[in-house]
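S.K.: This is the structure I have questions about; it appears just below.
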Amino acid sequence: VAHCKGFFFCGQEPFVADEYIERLAWRTPGGGSRGGEAFDPKRLLEEFVNHIQELQVMDERIQRKVEKLEQQCQKEAKEFAKKVQELQKSNQVAFQHFQELDEHISYVATKVCHLGDQLEGVNTPRQRAVEAQKLMKYFNEFLDGELKSDVFTNSEKIKEAADIIQKLHLIAQELPFDSFCLMGFCCYPLSSPGKYHDLECQLIQEFTSAQRRGEISRMREVAAVLLHFKGYSHCVDVYIKQCQEGAFLRNDVFEDAAILCQRVNKQVGEIFSNPETVLAKLIQNIFEVKLQSYVKDQLEEHRKSDAEQYLKNLYDLYTRTTNLSSKLMEFNLGTDKQTFLSKLIKAIFISYLESYIEVEIGYLKSRSAMILQRYYDSKNHQKRSIGTGGIQDLKERLRQRTNLPLGPSIDTHGETFLSQEVVVNLLQETKQAFERCHRLSDPSDLPKNAFRIFSMLVEFLCTEHIDYALETGLAGIPSSDSKNANLYFLDVVHQANTIFHLFDKQFNDHLMPLISSSPKLSECLQKKKDIIEQMEVKLDMGIDTLNCMIGQMKHILAAEQKKTDFKPEDENNVLIQYTNACVKVCGYVRKQVEKIRNSMDGKNVDTVLMELGVRFHRLIYEHLQQYSYSCMGGMLAICDVAEYRKCAKDFKIALVLQLFDTLHALCNLLVVAPDNLKQVCSGEQLANLDKNILHSFVQLRVDYRSARLARHFS
């Protein structure tokens, strides 16, 4: 069985020893695998021994067969190796023959080339001689005055005729005229325009006809022939002229020009050997003829009569021309197409651009003045002359606290003389001017021109409108003793602040990009700084408005506060939490605080509110010292001050709140028991105050004259 491992039966399944023994035992009688039979080990052993012998015989037979096949294989391998060696020898012989053949072919080729050179050396002069003979024949025909050759009489051979005449024309120009005259010949037909000119005209006419028919191939042939003629440039001119026929039928000449150039760009390379030159000449013709006449018609109509329309047309036409130039940059126009197109644009607009900024400034000045005058006329207001002094004059007036810039107080009837519509119109006009300046100014003049436009904006918006409104607002501030005064100056401040933000936005958005890299930047920033400083000085002068507010509070306190408020007749029948005067003053103060916050921004708000808060505190402090206080009146005064302190919190200024906290602590001296006066005076809020201040509040008590109170306080 061991010898049979790995064998296949019937070429089907692999041999498995265990299964093979199992099948053998099953088939053997007495093997014990079939039911009902007694197991007979001897018979099974016998069967196994016999079977092993059979397998050994089979193994020997197969082994002999394998040895025979191995011997046969070795024999065939030797024969194959011998055959390969023979083939290699044959291949070497063939390779040697191939090398010999290659050397022979190279030798023959060298001989053939040499022979070809010799033949060419003989044939070239012969061909030249033949060609010269033909030219001499044609030359004779011209000298005789009779053109008999088919090449001159057949219109279909115009290309060959052109080549011959071109050559004869060159020969005739080189030959001396006197020698022909001496020999009795006349070369007039060749040296004069004659046939050369006639043929040239025929070629140009043929080119024109082919262009009208749209025959590109024929146009290319004729153009190639004309390339050596003097009239080649005329051929290009004819092509350019015919290209433009019917191309400018719409109102938009710029779009028509772009479409025409795109169409010609696709076609010109198929016709001419130098397409970039032809296309450049077409573009030059469009700019110098079509565009220049169109621009002139559009601008000259309004140049002297309507500056606004003139500037709009100039900006629009220049923009559309530069946009067209940008589209044309896509085409091949030669080496320096940027300079080429720039020169064409400059040639059209040079006379208009040189005077542009003067027209712009003149228009901006008249337009801005008209906008302002229209506004003041709508208000039935005659502008007053205002001071023209500089910032130093304003500071001096502020320092001296002279009355008001415009003299006596005037009644503005609540009008601020500031208009958002006017401001928007002025800024819009200036914005358009900046855009035109950016587009139309030479780069070297751009910062200078932008600065001039900015100066116009400063003059009419900041000086003639905002500054005038501030001056008028200052003049309208009522005196501090006026009753029911209307404080319109804060409305002026509020609107001026809003307008200046718009002015600052235009400064950053439209002016800065034009001057950011020039010396004019520092000049503009300084001018803007001077404007801000001048306005801030006038706002500081408007601090007189606070005097009016304090005056209004005084009127309220004088009218509403009664002496019996703090010394009631019936101490046990006081039903109010704080006095009516306190309620009205606090209501008035809260309105003014809100108005100040809405009118100003930044540090200006805190500065004005601090000044108002300090004055408010001084007013209440002095007001409280005008009365005598009973015990219940002192409690009511404390309640009033508590309400004032609550009002002071709206200021959101630490100093103001601290002042009212101290005042509230002082009012406690009006009600504290005599035995506790020293303790209260040495408290945290009152310890640092002057003793005279403490004494002045204690003196306001109705019981101050009592010996007990005086003794305790001393």
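S.K.: At a 1.4 Å probe radius, carbon and sulfur cover how many percent of the accessible area of region 648-705?
M.R.: Carbon and sulfur atoms account for 47 percent of the accessible area of region 648-705.
S.K.: Another question, if that's okay. Testing the spin-label approximation: label points 7 Å from Cα along Cα→Cβ at Ser628 and Ser273. State their distance in nm.
M.R.: Placing both labels 7 Å beyond Cα along the Cβ direction yields 12.7 nm.
S.K.: Any idea what the relative contact order of region 565-712 is, in percent, if you count C-alpha pairs under 8 Å spaced at least 6 apart?
M.R.: About 28 percent, as a whole number.
S.K.: How large a share of the accessible area of region 247-342, in percent, is made up of carbon and sulfur atoms when the probe is 1.4 Å and the other protein chains stay in place?
M.R.: 44 percent
S.K.: Between their Cα atoms, which of Lys584/Lys652; Lys365/Lys595; Lys290/Lys312; Lys290/Lys431; Lys383/Lys603; Lys266/Lys290 are more than 27 Å away from each other?
M.R.: Too far apart for the 27 Å limit: Lys365/Lys595; Lys290/Lys431; Lys383/Lys603.
S.K.: With N residues in region 578-624, what two-decimal value do you get for its Cα radius of gyration over 2.2 N^0.38 Å?
M.R.: 1.26
S.K.: If you don't mind, there's one more thing I want to ask. Using a 1.4 Å probe over the heavy atoms of the protein chains, calculate the carbon and sulfur portion of the accessible area of region 497-639 as a whole percent.
M.R.: 52 percent
S.K.: Follow-up. May I ask you to give the solvent-accessible area per residue for region 565-712, in square angstrom, as obtained with a 1.4 angstrom probe?
M.R.: 52 Å²
S.K.: Please list, ordered by chain and number, the residues whose modelled amide H lies under 5 Å from the amide H of Arg701; skip anything fewer than 5 residues away on the same chain.
M.R.: Those lying under 5 Å, H to H, from Arg701 are Tyr629.
S.K.: Please calculate how many Å² of accessible area region 300-353 carries per residue, with a 1.4 Å probe and no DNA, RNA or ligand atoms counted.
M.R.: 55 Å²
S.K.: Let me ask another. Starting from the Cα-Cα distance between Thr110 and Glu288, subtract it from 0.36 nm times their residue separation and give me the gain in nm to one decimal.
M.R.: Value of the extension gain: 57.8 nm.
S.K.: With Kirkwood's inverse mean 1/r over C-alpha pairs for Rh, give me the Rg to Rh ratio of region 565-712, two decimals please. Provide the component values of the computation, followed by the final result.
M.R.: Details: Rg = 16.6 Å, Rh = 16.3 Å.
In region 565-712, Rg relative to Rh is 1.02.
S.K.: Here is a further query. Please list, by residue number, everything in region 464-478 whose backbone N is under 14 Å from a paramagnetic label point 7 Å out along Cα→Cβ of Arg384.
M.R.: Label zone hits: 468-478.
S.K.: Could I ask something else about it? Label Gln679 and Ser366 with points 7 Å out from Cα along Cα→Cβ: what is the distance between them in nm?
M.R.: Placing both labels 7 Å beyond Cα along the Cβ direction yields 8.7 nm.
The values are calculated or read from the model by the stated rules, or taken from the named source; none is laboratory data. If you're wondering where the values come from, they're calculated on a predicted model, not measured in any experiment. With ideal geometry, Cβ positions are generated from the backbone for all residues, glycine too; neighbour counts draw on all protein chains shown. Calculation scope for accessible area: heavy atoms of the full protein, side chains included, ligands and nucleic acids excluded. Shrake-Rupley method; radii C 1.70, N 1.55, O 1.52, S 1.80 Å.
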